Structure formats: structure tokens, C-alpha cells
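Rule-based calculations on the coordinates, nothing more; no lab input. Computed from a predicted structure; not experimentally measured. As a convention, Cβ positions derive from the backbone with ideal geometry for all residues, glycine included, and neighbour counts pool all protein chains shown.
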Amino acid sequence: MIPAAFDYVRAGSAAEAISLIGQHGSDAKFIAGGHSLLPMMKLRLAQPAILVDISRISDLSYIKDAGDHIAIGAMTRHMDVEKSPVLAQHVPLLAHAAGHVGDPQVRHRGTIGGSIAHADPASDLPATTLALGATYVVQGPNGTREIAASDFYKSFLESDLAEDEMLTEIRVPKMNGAGWSFLKFNRRAQDWAIVGVAAWRGANGSGVGLVNMGQTPILASSVSTALAGGSSIADAAALAVDDAQPSADNNATVEYRTHLAKVLVRRALEHASA
Amino acid sequence: MEIKVTVNGKKFTSDVEPRTLLVHYIREVLNLTGTNVGCDTSSCGACSLHLDGEAVKSCTVLAVQADGANITTIEGMAAADGTLHPMQQAFMENHGLQCGFCTPGMVMAATSLLEENPNPTEEEVRIGLEGNLCRCTGYHNIVKAVMAAAGK
């Protein structure tokens, strides 16, 4: 399969990328690693007239300790997130989840910013950063703004990003030793999750993100509220789908997904609390 | 658009359409047909090659994205005198192939795996090759071959 014809330009900086995308409007798309966009273009589910390649903006590839949080440049590849000693120490849940995206070849190309901007509810990193209470920094023609992950995801593959805005940084709070678990249920190792759970629990509360349980990545707030109110893990996990809207597909019915989410949330919380 | 790449040590300058996939450039422009197209959806790994030393799926990379890169394909693995790469030798000695279609991608993924983890356990090899499918289901000997190449 070969994508429909398009023009291709390369941006050397975020400002140049935003200027280029501004000139071409809704006909243009940013491309980073291309591992979400190119498959869609090959299937003609996306048909941009122009691609603005942002993958060479090397100053957007970094992982920095910024005090109470870790700042990750949007062009940081999954493999670099997975192998980061800084993340292993301060946000091990994210490093671990990044190691479950696709397969090694995909992780050599795909970026954390691309995955989040694509806003696929079936992807691992949107739900994981949502569970961790991340903040996304986006840059547009009039400067930068910060968006809480909980305000970012609007509907299926739709985010709060404007057409002329670019995700530049992901800020993830340090976990400060909180327990965590990442469970991904699928049929083949490299597949998207049928249901995935990213969970942490520590002195400051808990966070539970659900993969592939609705039109957006889901924050299972009801579970965390119940835990904070003294509920047992089993009782809290029973609320796992209260914030979700699972749908059926070739892999699972709604009932199966609902059951699976409750079981996986319970297991993840037991592991995170152990 | 003009791109410059180094493939198996040789420099090439080519004019390509932006929509040209790297695998088609390698196969149809450079005539290096050892890299196979399997699923064409970044699932099967048959098109794996090394882009700046790391395995990638060349059906999901644009040729223009590889501009300036150093690329190695299966044809570049053996030495100039024909001596097989240790991974190729290990695949041969352990019968790590049946029909052979997935083999170039397996060899490229496996060498990239050992580059990142020179001393893997058998389980790490199995997980590390999760992006490569063998429809003959010949995984057992493929894993044996990779373990042999790692000196185990």
C-alpha cells in the first residue's frame, strides 16, 4: 500500500514547524516517527496534502529532571523513554509502559509526543500519562500553553490541540516511590491492548488509567476516590468501568471488556499496593 | 525530492516521490530485494533493516525520512569475501528457517537485539523478536540461533 501523493517539508525548529503548518492549515499534518500516521495514510484513512516533518527537531528529544517532575521532549522515542535511567528512578511506570508499545522496531521510530498527539484510546502512553497526572506543553503561533492530560483528550483521535499547535513537552510528576503496575491484555505481544491498565498507589493517593475502554483514554477517577475513602481494592476495582464507555470490536464484546477491566484493575492495584 | 543515503557502505543520491516507502526504494530503486514486504502494515517485520544501526520496519518509514541515514540491509551483513555474519551463520547451523521469507527481517531484528542486549536470556530473545512473525512457526530454532549467536 502506498499513500496518496503529498508534499513534504522538513522543519528545523518548533517555531518553523508551527509557521509551516499555519501556512497550509487543515491540509497539513505533522509527522514525527510516523508509526501512527503512515499506517493511516497507507489505508487512505488520512490523506494530508502536505507533511511537515518534525522528527529532526533534535532539541525536542530529551528527558530532564525538573524538580518535582520529569520533562520529556515530544520527539523522544519510545525506546529512549523505556531505557531512561532518570525515568526508571522517578517515573518507572512510564518507562515500563513505553517498553510495551508495539515492538522494538516500532519503538526505534515512534515518539511519545506523536503517540499522545494522535490521542488513540488504544495506545499505551496516553492512558499512562493520564494516570500519572501529566501536563502537556503545546506551542502555537502565539506562544505556549499547558494542558492537563485530564483536559486533553476530547473524542476518538481528537485532542485539545488546535490545527496550528504542536505538542512540545510532556511533564510527568515524580512518583516518589509509589507502587505501580502496568497490565496489557492482548492476544499477540505486539498488538494493541484489548484492555490495558496503568495504575499507581502511594502516599499522595492513586491513579488508574484505562487503555481501549472508550473513545478516549480513560481516567478511572471513581476507583481512586473509593480508595481514598477507605474502600478495599476489590470494592474500588468494581468501579473500574464507572468512568469508561467500552465498545465492542473483533477482539471483545462490551461485556468481556467490562469484566476484563475490573479484573485487571484489581490485579494492578494489588500489585501496586504490595 | 533528492535524498542521499548510504546503503551497505555505498553512497546513493536519488530523486524520490515523498510518498515512496523506504522498503520500495530499497527494493525497486536500489534493486536490493533481500528485504521482503510481508504484511505491509508494520506487523510482521519481514521488511526490517537497520537505520543508523537500529532495526526499523521499512514499510513504515518514508524514503525521504531516511535522507542522510546509514542503512544496512541483509545484503550488507556478510563480509566482502562472502563470510557470513555470525547471526547468519547461527541461523544456518541451527536451521533457524523453514520457508525463509521472514529470515532477512529476523536476522536484522536479532542483530539489533544483540546490539542492545548482548547477553539475553531465552525469554528476552522471544520478547525482543515480538515484532517479527514466522508463518511457518519456526520460532524455536530461530531463538536457538539467536542464543547461539550470543555465544550461549
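Expressed in nm to one decimal, what extension gain is obtained for the pair A:GLU146 and A:ARG56 from 0.36 nm per residue of sequence separation less their Cα-Cα distance?
Stretched out fully, the A:GLU146 to A:ARG56 stretch lengthens by 30.1 nm.
Treating only the Cβ of Lys, Arg, Asp and Glu as charged (+1, +1, -1, -1), what charge dipole size does the protein assembly as shown show about its Cα centre? Round to the nearest 20 debye.
Computed charge dipole of the protein assembly as shown: roughly 720 debye.
For A:HIS69, list long-range residues whose amide hydrogen, built 1.01 Å from N in the peptide plane, is under 5 Å from its own amide hydrogen.
Under 5 Å from the amide H of A:HIS69 lie the amide H atoms of A:LYS174, each far enough along the sequence or on another chain.
Once both axes come from the Cα atoms, what is the angle between helix A:254-273 and the longest principal axis of chain A, in degrees from 0 to 90, rounded to 10?
70 degrees
Taking the number of other C-beta atoms within 10 Å as the exposure measure, put A:VAL208, A:VAL138 in order starting with the fewest.
Ordered by Cβ neighbours within 10 Å, fewest first: A:VAL138, A:VAL208.
What does the net charge come to around A:GLU270 if you take all other residues with beta carbon closer than 14 Å to its beta carbon, with K and R at +1 and D and E at -1?
+3
Rank B:GLN98, B:GLN65, B:GLN89 by mean-square fluctuation in a GNM of chain B with C-alpha springs under 10 angstrom and give only the top-ranked residue.
B:GLN65
Using a 10 Å cut-off around each Cβ, can you sort A:LYS83, A:LYS64, A:LYS184 from fewest to most neighbouring Cβ atoms?
Lowest count first: A:LYS64, A:LYS83, A:LYS184.
How much length would be gained if the chain were fully extended between A:ARG188 and A:ARG267, taking 0.36 nm per residue of separation minus their Cα-Cα distance, in nm to one decimal?
Answer, rounded to one decimal: 26.4 nm.
By a straight-distance test (C-alpha under 17 Å), which aspartates and glutamates pair with B:LYS11 as possible cross-link partners, with residues fewer than eight away in the same chain excluded?
Within reach: B:GLU2, B:GLU28, B:ASP52, B:ASP67, B:GLU75.
Listed here are the pairs A:LYS184/B:LYS57; A:LYS64/A:LYS262; A:LYS174/B:LYS57; A:LYS42/A:LYS174; which of them are more than 28 Å apart at the Cα?
Listed pairs above 28 Å: A:LYS64/A:LYS262; A:LYS174/B:LYS57; A:LYS42/A:LYS174.
Picking from A:ARG77, A:ARG44, A:ARG171, which is most flexible by a Gaussian network model of chain A using Cα springs under 10 Å?
A:ARG44
As a test of the formula, what do you get for the protein assembly as shown when each DSSP H run with n ≥ 4 contributes -39,500 (n - 2.57) and the sum is divided by the residue count, at 222 nm and rounded to the nearest 500 deg cm²/dmol?
Result for the protein assembly as shown, helices only: -8500 deg cm²/dmol.
B:GLY45: net charge of surrounding residues, Cβ under 14 Å, Lys/Arg +1, Asp/Glu -1, itself excluded?
Neighbourhood net charge equals +1.
Go through region A:154-239 and name the chymotrypsin sites (Phe, Trp or Tyr not before Pro) that are in a DSSP coil and have 10 or fewer other Cβ atoms within 10 Å of their Cβ.
Sites meeting the loop and neighbour criteria: none at all.
Given the options A:MET41, A:ALA14, A:HIS24, identify the residue whose Cα lies farthest towards the positive end of the charge dipole of region A:7-53 (+1 on Cβ of Lys, Arg; -1 on Cβ of Asp, Glu).
A:MET41
Report, in debye and to the nearest 20, how large the dipole of region A:1-108 comes out about its Cα centre when Lys and Arg carry +1 and Asp and Glu carry -1 on their Cβ.
280 debye
Please build a GNM for chain A, connecting alpha carbons under 10 Å apart, and tell me which residue among A:SER115, A:SER36, A:SER26 fluctuates the most.
Comparing A:SER115, A:SER36, A:SER26 in the GNM, the peak value goes to A:SER26.
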